[in-house]
Structure formats: C-alpha cells, structure tokens
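Notes for the one structure printed next.
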Amino acid sequence: MKGKKISIIVPIYNAEKYLSKSIESLIHQTLNEIEIILVDDGSKDKSADICKEYAKRDERIKVIIKENEGQAKARNTALEIAKGKYIMFLDSDDMYEKDACEVMYNLAEEKQADYVSANYIMIDENDEKRPKPAFDAEKYQEFELNINDYTKSFFVMNSTPWNKIYNLEFLNKNKIKFDVNPPSEDDYFTTLVYMKSKKGYYTSKIIYDYRYNPNSTSNKCDKEYFRKQNLVYKSIYNNFVKNEKMGFYRYYYAKKNAYLLCKIIDSDLISNTDKKEILNELNWYFSLADDIKVFIANDTLMPIFSNIRNGKYDEALKQMNEVKEMRKSYSVFEKSRMSFPTSENYAKMSIYDNEFINKELK
C-alpha cells in the first residue's frame with residue numbers, strides 16, 4: 001500500500017442496507033491511488049461479509065474486523081495503519097461524488113494545506129438529492145480559512161469530519177484523534193484541526209452525499225446521551241482555553257447552546273426529574289454566556305436560560321414544558337430557527353470580537 005495518495009477510513013456498524021453503495025462510490029473514484037480501510041465495529045448483520053467480498057475484488061481495500069467499541073475507536077484504529085499522504089472519512093451510509101478524491105487531493109497539494117473542507121449535499125433513502133447544498137455556493141466559493149474570521153470562514157468550518165481531507169503528517173504531529181466517545185466526537189476532532197492548523201482551505205465543490213438518518217444516535221436523546229454530551233463539551237471547552245482560541249469558541253458556543261437546550265426540551269426519553277439533574281450538570285455550560293459575552297437566544301428561550309443559570313430548575317422546567325408543546329406544532333424550519341442564532345445575533349456578538357482576539361494574542 002506504499003505510495004497511496006489518500007487513505008479513506010470507513011467506520012461500519014450494522015450498515016448492510018447502504019454499505020455496498022458506499023463502497024461502490026469509493027472503488028469508482030477518478031483518482032485510483034487510494035487506500036480504502038473498512039472497519040467493521042462488531043456488526044451483528046452482514047456488514048463484515050460485504051466488506052470481505054469487496055476486498056476480494058479490489059486489492060486497495062483493507063478490512064478490519066473488531067469488537068464493538070464505537071465509531072471514534074474504529075476511526076482511530078484505521079488511522080494507526082493508514083499509509084496515505086492524506087486522510088479522508090466516509091460514513092457507511094453516505095457516498096462520495098465520483099471525483100471527490102481527485103478534487104480534494106489536488107487542492108490539498110496545490111494549496112499545501114493542513115486540511116481542505118468542501119461542500120456537501122443531503123440525500124434521502126432513495127439517493128434523491130436536495131435542491132441545494134449545505135453551503136451557499138455563490139456566497140461561499142473558494143478561499144483560505146482563518147479561525148479568526150467570524151464573518152465568512154466560521155460559517156463553513158463545520159463539525160463534520162467527512163467533507164474534508166487532512167494531511168496525515170499534520171494529524172500525527174499534533175496528536176489529533178477521536179479521543180472522546182459519542183456524541184460530539186466529531187466536534188472534538190474538527191475543532192482541534194481548526195485550532196492546530198496553519199493553513200486550511202475551502203471549496204464550494206460538492207464532494208459528499210450525506211444521507212440524513214432520523215434514527216441516528218444523535219437523535220436518541222436519553223439521560224446518558226446528555227451526560228456524555230456534557231463530558232465532551234467540557235473537553236472541547238478546555239481545548240479552546242488551552243489553545244487560546246476563545247474568539248472562535250464564542251461563535252461555536254453560540255451555535256450550540258440553544259440547540260442543546262432545544263434537544264433537552266424536545267426529548268421524550270427523560271423525565272422532569274432527570275431533566276433537573278441534567279440542567280444542574282450543564283449549569284456550567286449555560287452559564288458561560290456571561291463570561292464570553294454571548295447574550296443571544298430566541299426570545300422564548302431567554303427566560304429559561306436565565307432560570308437555569310440562577311439554579312431555578314423548577315421554573316425552568318415549567319417554561320421548557322410550555323415550549324415543548326409549542327414546538328410540536330412547529331415546522332422543521334421553525335424549530336431550527338429557534339435553535340440557532342440569526343445574522344442579527346451574530347452582529348451583536350461581533351461588538352466584543354476584538355476583546356477576545358486580543359486575549360488570544362497576549
């Protein structure tokens with residue numbers, strides 16, 4: 001496998017429904033000099049058999065069969081044996097566009113970048129594509145990424161690892177791996193990439209077909225989910241503090257805090273008693289807003305945030321239950337609008353940008 005330009009890592013768990021399509025999108029890439037590492041993470045279905053069958057047909061495919069330990073460890077296992085100059089990731093129910101590897105390799109080489117990020121598009125279970133990609137192709141075209149640019153770079157520096165290519169030497173030098181368990185292991189990995197890189201680049205070229213799955217782990221929001229989320233959020237926050245990148249963290253936080261609260265509000269898997277425990281454990285996180293000057297949220301959520309920060313969990317729960325009933329009648333767009341900042345919200349934040357950039361430069 002020496003001399004491979006890209007190692008593509010595919011973590012797999014009970015993925016037989018779409019796995020063949022995913023692998024087919026790799027073996028028919030326009031760039032031939034690739035290594036495909038399929039990591040079956042203890043699947044109970046026929047995924048391992050599918051992987052082995054493809055490995056017989058294509059010598060570029062390497063198969064790892066291991067016990068179930070989660071996606072993060074599956075990816076790390078593959079990273080340890082990868083031989084390519086660059087690394088890319090593919091989830092086992094998604095697909096690459098046919099020239100994805102060629103586009104990303106050429107850009108990484110041309111720009112001499114630590115990583116390159118690209119556009120992607122959502123597909124349904126029948127492979128039908130959404131009309132528009134994730135990022136506005138007219139507004140965000142090709143440019144060098146800058147972690148201190150909160151007006152353009154920030155909006156395409158997303159948390160997914162799979163619409164990117166990474167220089168393996170850069171990852172190894174900075175010891176960047178998926179060092180936390182789900183959920184949000186992707187956030188942990190990509191934010192470290194953003195903090196440690198000296199040069200990143202973005203292209204509006206669509207290279208990835210992301211299959212939205214409403215039954216994914218991120219939608220199973222039980223008590224354990226939020227407790228794990230809390231641990232990962234602490235790790236991510238500590239990384240930003242350690243690397244003195246609190247300017248970027250403010251915007252990252254702004255995009256996450258109301259989203260997290262809405263997940264707690266909407267969950268049918270936790271009781272009010274459990275929600276109180278969760279709110280108490282996450283009090284540190286929701287209270288960060290005062291310290292980093294992120295005073296933004298949908299007007300409906302503001303009183304809830306205030307009560308959480310002041311430890312008035314019974315009042316917060318009462319308001320949360322009222323909002324939950326409201327959200328049941330909301331469209332997906334309306335729910336999303338409540339969960340994420342608007343351009344006006346970001347404009348209010350920008351008043352304090354220099355204060356936090358200056359802190360980083362001291």
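Give me the net charge for the shell around Trp284: Cβ to Cβ below 12 angstrom, other residues only, Lys and Arg +1, Asp and Glu -1. Here the count lands on -1. Quick check on the chain: of the DSSP beta bridges with both residues there, what percent are antiparallel, nearest 5%? Here the share of antiparallel DSSP bridges comes out near 30 percent. Summary of the geometry: segment 41-103 and segment 154-218, compared by the centres of their Cα atoms, lie 17 Å apart.
Counting other beta carbons within 10 Å of each residue's own, what order do Thr203, Thr300 fall into, fewest first?
Values: Thr203 20, Thr300 13.
Going from sparsest to densest Cβ surroundings: Thr300, Thr203.
Once the gyration tensor of the Cα atoms in the chain is diagonalised, the equivalent ellipsoid follows with semi-axes of 35, 24, 19 Å, ordered largest first.
As a rough footprinting exposure proxy, the listed residues Ser7, Ser235 were ranked by other beta carbons within 10 Å of their own, and the order from fewest upward is Ser235, Ser7. Computed log10 I(q)/I(0) for segment 6-211 at 0.08, 0.13 Å⁻¹: -0.25, -0.68, from the Debye equation with unit scatterers placed on every C-alpha and solvent omitted.
By the count of neighbouring beta-carbon atoms within 10 Å, fewest first, Glu69, Glu59 end up ordered Glu59, Glu69. For segment 102-205, pairs of C-alpha atoms spaced more than 17 angstrom apart make up 55 percent of the total. With 19 Å as the limit on Cα-Cα distance, the pairs of Lys111/Lys199; Lys62/Lys129; Lys85/Lys205 that go past it are Lys62/Lys129; Lys85/Lys205. Return a whole-number percent for the relative contact order of the chain, with Cα pairs under 8 Å and 6 or more residues apart as the contact set. Over the chain, the number comes to 15 percent. Each principal axis of segment 220-361 carries a Cα extent, and these read 45, 30, 27 Å when sorted largest first.
Need one word for segment 170-304: rounded, prolate or oblate. Basis is the Cα gyration tensor (sqrt eigenvalues a ≥ b ≥ c); a/c below 1.5 gives rounded, then a/b vs b/c decides. Prolate shape, in that a/c is at least 1.5 and a/b is the bigger ratio.
Any read-out appearing in this document is the output of simple, stated calculations on the displayed coordinates, not a laboratory observation. Computed from a predicted structure; not experimentally measured. So basically every Cβ, Gly included, is an ideal-geometry build from the backbone, and we count neighbours across all protein chains shown.
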